[in-house]
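Comments concern the structure below.
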Amino acid sequence: MATTGSTESEESIQRKIEETRERFRSEYVQEPTDKYESGDVERLWRDDGLVEGYLEWKHYMVEDTLKMIDESLQWRKELNVNEINESCVQKSLLESGMHYLHGYDKEGNKLFWFRLKLLVKDVRLLQEKKKYVAFWLERYIRREPGALLTVVFDMSESGLSNVDMDFMKYVINCFQVYYPRLLSKMIIYEIPWIMNAAWKIVKSWLGPDAISKVKFVSKSDVQTHIDPEHLPCHMGGTDSFSYSYPPLPDEDFQSLISDSPILDDKTELKDGDPEGKESFEPVLRLRKVCFADDGDTDTASRVRAARRPSTTFEGSLLHVSPAEELCFGLTETDKRSLIVLHNVTKNAVAFKVRTTAPEKYRVKPSSSSCAAGTSVEITVSLHGGSQSNPQDRFLIMAAEMESSTTVENQDLAQFWKEIPKSKVMEHRLKCHVLQGLKPALSLTANNYNRPPITNGTNGHQDMQTMLLQVMASSRRLEQKLDHCLWTQKVIIVLVMALTALWCSTLYIQHTGDRPM
């Protein structure tokens with residue numbers, strides 16, 4: 001998403017959304033046309049957030065926004081993006097591991113890896129590579145609607161033979177035109193000095209908003225943005241993940257998590273307990289999920305103390321509240337959040353809840369069924385002294401049963417083994433950490449004896465403004481440094497020329513004074 005610093009009011013934004021729609025309808029789709037997919041046009045008419053994303057990137061300039069929408073929708077039509085799936089992508093590209101989704105940055109944004117050393121310039125494959133990138137981006141958007149993405153350009157061991165400017169321009173366009181609200185930041189890791197000229201060309205394609213999202217890092221400072229557990233070993237991290245295909249890595253919830261015995265909140269694993277070690281021993285980095293027992297006697301009191309949701313996601317089988325985030329804080333109430341599932345089908349629906357951080361959370365019930373037309377309340381609580389993290393994720397899986405009769409828990413395990421994946425509804429929830437858990441922000445803001453920035457919108461805008469000012473100053477200093485270096489080179493050349501001229505003059509005078 002572009003950081004424009006715009007002060008547009010909500011009323012003004014809504015007026016411009018409607019103006020954009022009306023002008024696009026009259027100027028671009030007035031007559032029947034096959035320039036766009038009908039589904040994309042329909043979405044443009046009904047999705048305010050989509051239109052606002054384009055407007056925001058273009059600083060709410062309607063004329064520029066219309067051109068951007070036109071280019072974006074034509075691209076989606078050209079690559080048939082709405083129908084793109086794994087079978088549409090050339091197998092050799094999927095096997096290459098040049099792109100993949102894996103891990104999170106410190107803000108909890110998914111990492112999209114671009115391993116430049118695996119890129120080989122081939123004009124014949126350009127269209128296939130475009131489709132390859134579109135597949136990964138669409139796959140992420142469909143699974144995590146509204147979530148941001150951090151792109152990591154791993155340029156280690158790359159050289160000029162790996163530079164494909166046409167492809168790089170396409171990647172830039174993906175985040176500037178086709179998915180304007182998707183990019184959180186772009187991390188460029190250890191750019192070789194020989195590729196600085198190529199970067200200057202790429203920089204000319206970027207607008208000021210996009211340039212502000214680019215972060216150049218090396219092995220010494222990459223951990224400023226990404227924790228070691230999400231960095232590969234060659235970047236100084238501890239993540240031993242190695243890409244391979246097939247299948248596609250699905251590590252968000254399915255390759256990091258497997259079913260495990262359900263344990264009570266009070267269950268403690270002792271060193272001498274062989275069963276405990278058996279249940280929690282990691283195998284091939286699969287993290288076991290340990291959820292609380294559903295039969296705890298204080299469930300009702302816990303539900304009353306939990307933070308109740310105020311938003312709802314309307315799924316095909318279940319309505320899920322909250323729609324996007326579970327909130328956690330420091331108080332007893334804030335240490336628990338409530339998930340409410342409402343069955344909207346005519347049959348019973350089986351459900352289960354998974355998390356990427358099973359050691360932190362207890363979920364009650366973690367697996368059960370919901371009768372037709374009824375609701376189930378699930379309590380998610382922080383275990384012990386654990387603290388929530390924006391990187392933590394929850395997955396709610398639901399599948400409709402053949403009859404309205406619920407089954408016992410011991411039969412659910414078999415039900416989940418037999419149900420085809422195509423019949424499973426999935427909904428993901430992120431974690432939102434309340435401000436009370438973020439004292440580090442005040443410490444960071446207190447650098448250089450400055451007063452801490454207050455929480456809230458004003459503090460965020462102040463920090464944002466300060467960062468933009470620092471970046472602008474950095475760019476000016478860089479320009480001045482380049483000018484000084486150029487001046488220094490000119491002076492050196494002039495001094496050398498004058499020295500040569502002076503030496504020549506002395507030599508001529510010396511030879512002229514010698515007697516014949």
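Note on exposure: THR345, THR331 ranked by accessible area (1.4 Å probe, complete protein assembly) read THR331, THR345, with the most exposed listed first. Shape call for the range 100-252 from the C-alpha gyration tensor, a ≥ b ≥ c root eigenvalues: rounded (a/c under 1.5), prolate (a/b greater than b/c) or oblate? Because its axes are fairly even, with a/c under 1.5, the range 100-252 counts as rounded. The listed residues ARG43, ARG428, ARG115, ARG142 rank as ARG142, ARG43, ARG115, ARG428 when sorted by accessible area, largest first, using a 1.4 Å probe. Length gained on full extension, VAL120 to HIS59: 18.3 nm, using 0.36 nm per residue less the C-alpha separation. In the assembled protein chains, ASP122 presents an accessible area of approximately 40 Å² (probe radius 1.4 Å).
Taking 7 Å steps out from each Cα toward its Cβ at SER92 and ALA413 produces label points 4.6 nm apart. Working note: Karplus 6.51/-1.76/1.60 with θ = phi - 60° gives the range 394-402 the couplings 10, 10, 9, 10, 9, 8, 7, 8, 6 Hz, where Gly and Pro are set to x.
Remark: for residue pairs LYS364/LYS421; LYS130/LYS213; LYS129/LYS423; LYS117/LYS185, the C-alpha separation exceeds 26 Å in LYS129/LYS423.
By a 1.4 Å probe calculation restricted to protein chains, ILE491 has an accessible surface near 90 Å², given to the nearest 10. Annotation: VAL152 carries an accessible surface of approximately 0 Å², with a 1.4 Å probe and no ligand, DNA or RNA atoms counted. When a/c reaches 1.5 or more, the comparison of a/b and b/c decides; with that in mind, is the range 119-197 rounded, prolate or oblate per its Cα gyration tensor? Note, shape of the range 119-197 comes out oblate. Across TRP416, TRP113, the residue with the most accessible area heads the list, and the full order at a 1.4 Å probe is TRP416, TRP113. Report note on the peptides 157-163, 310-316, 377-383: ranked by the mean count of other C-beta atoms within 10 Å, highest first, their order is 377-383, 157-163, 310-316.
The values are calculated or read from the model by the stated rules, or taken from the named source; none is laboratory data. Computed from a predicted model, the values in this text were never measured in an experiment. Positions of Cβ are backbone-derived with ideal geometry, glycine not excepted, and every protein chain shown enters the neighbour counts. Surface accessibility is based on the protein's heavy atoms, side chains included, excluding ligands, DNA and RNA. Shrake-Rupley method; radii C 1.70, N 1.55, O 1.52, S 1.80 Å.
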